[in-house]
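Presented below is the structure to which this report refers.
The values are calculated or read from the model by the stated rules, or taken from the named source; none is laboratory data. Keep in mind that this is a model prediction, so the values were computed, not measured. In this analysis, Cβ positions are derived from the backbone assuming ideal geometry, glycine residues included, and neighbour counts consider all displayed protein chains.
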Amino acid sequence: MSKLKNTKRALGALCAIGLMTPVQAAEDVDIAIISFSPYAPWYIVQEKEMAKDINLNIRIIEDITSKNAALTSGTVPCMMNTLDSVVVARASNIPISVLAIPAMSYGLDEMVVDNSINSVADFPGKIFGADYAFLNHMWMLVTLKAAGIPLDAMDHRIMLPQDSAAAFVSGGLDIDVNYIPFSTQSQSRTNSKVLKTSLTDKTWERGLISESIACNDTWIAEKPETAKELVRAWFEAVDWWKKNPEEGNEIISRRLDWPLADVKLTQKGAVMLNFDQNLGAYGIGEGKPLCQSLPKEAPVPSTKASGWGDRLFGGRPDCEAGYLAATWDMFGALYQEADVLESAVPASDGMDASILEALNADGLGAEYSSNAWIGRVSD
């Protein structure tokens, strides 16, 4: 008998033995998030037992440095973070890749200004508050770059969101670049006003304020099926939440220990991307990006062109499929120009489309296709 046949028989025997052994225990998978409702569908995954053969442990880690350390060591294989923050992490040799874009700001982020400011042209010489190398910092940088204003024309005070809001209210800042509910607190200052939001600024056209699901590269390579099931369960949970907004909001309110009203208010300023919109972000197949498939119930800003394509992307369209790689590269270049990074890592090294491609081959898009806007229930 040939060696090949002996091998086949041995494998057959092992399979037969396997049928008689107990079912393997669910695998433990930790994921790091901040206390933020657009990151909280993982609690729906837990409560509805959506992740097959995965024992999901959701860890609240507010500090970016601590999250990056956990991802580097492998003690936490996956995290949720803003896309620009992952660009910084990857450039700092954190071995992670973006597997999906779970959510995007759609009015959640606001620039609140004092009464001396009427347009971006008034920004030079002003003091703004924002965290460092975080989405609000990036939003100010792209605003200045698009307006042709030098990046060092303003005084950046590095502050956590709650501290920036307090400093603005007390008169210590001219501009608070923040997100709801902190930006709402800033508006209590006399004669303050919202100059623009991520909705009116159309940052969602090219994913300028995007969230991400990012995982350790070694873990992805060693456990691709687990990574695939984890991402699949995310999209199932988001689809379920869109179809069951009241129950979903209750789960998230309870698990985050947030007032229900805060969940509704936050979700009013965000869009939870479905699977097809993720394909559109990566440029996979016939997927349509969010800018081509806005939820029907979501408010629509003016029809005036945003101009992001001309001003930041070398004349590319404001809205196009496959925008994500160019946005990643723009973030890296802009953070370099602002001296946040010494060097950048290209999108080809920081974006992994393999999981979405595998799920697409399984027909996931047809299964989890709801494009409802969860924020509709907050009206």
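If you go through segment 339-358 and keep only what is closer than 27 Å to LEU151 by Cα and assigned to a loop (DSSP other than H, G, I, E, B), you end up with ASP339, VAL340, LEU341, GLU342, SER343, ALA344, VAL345, PRO346.
Within 20 Å of ALA100 (Cβ to Cβ), surrounded by 17 or more Cβ atoms within 10 Å (Cβ to Cβ) and of a type outside the set (Ser, Thr, Tyr): does that describe PRO346? Against the criterion (within 20 Å of ALA100 (Cβ to Cβ), surrounded by 17 or more Cβ atoms within 10 Å (Cβ to Cβ) and of a type outside the set (Ser, Thr, Tyr)), PRO346 does not qualify.
The set of residues in segment 21-64 that are under 17 Å from VAL76 (Cα atoms), β-branched (Val, Ile, Thr) and either out of contact with any strand residue (DSSP E or B) (no Cβ under 8 Å at 6 or more places or on another chain) or in a helix (DSSP H, G or I) (or both) contains only ILE64. Taking the numbered list (1) in contact with a Lys or Arg (Cβ under 7 Å, 6 or more places away or on another chain); (2) in the same structural domain as ASN216 (by TED's automatic domain parsing) in turn, LEU312 passes all entries but (2). So, of the residues in segment 361-379 that are surrounded by 20 or more Cβ atoms within 10 Å (Cβ to Cβ) and in a helix (DSSP H, G or I), which turns out to be modelled with the lowest pLDDT? Restricting to residues being surrounded by 20 or more Cβ atoms within 10 Å (Cβ to Cβ) and in a helix (DSSP H, G or I), the top hit is GLY375.
Within segment 323-333, the presence of at least one residue that is assigned to a loop (DSSP other than H, G, I, E, B) and surrounded by 15 or more Cβ atoms within 10 Å (Cβ to Cβ) is confirmed. Please determine whether any residue of segment 68-80 is at pLDDT 95 or above and under 24 Å from ALA167 (Cβ atoms). No: zero hits. Could you check segment 340-379 and list, in sequence order, the residues that are among the β-branched types (Val, Ile, Thr) and either outside the structural domain of ASN244 (by TED's automatic domain parsing) or within 30 Å of ASP262 (Cα to Cα) (or both)? Residues satisfying the conditions are ILE374, VAL377.
For segment 180-191, name all the residues that are among the hydroxyl-bearing types (Ser, Thr, Tyr) and either surrounded by 19 or more Cβ atoms within 10 Å (Cβ to Cβ) or assigned to a helix (DSSP H, G or I) (or both). SER183, THR184, SER186 - these are the residues of segment 180-191 that are among the hydroxyl-bearing types (Ser, Thr, Tyr) and either surrounded by 19 or more Cβ atoms within 10 Å (Cβ to Cβ) or assigned to a helix (DSSP H, G or I) (or both).
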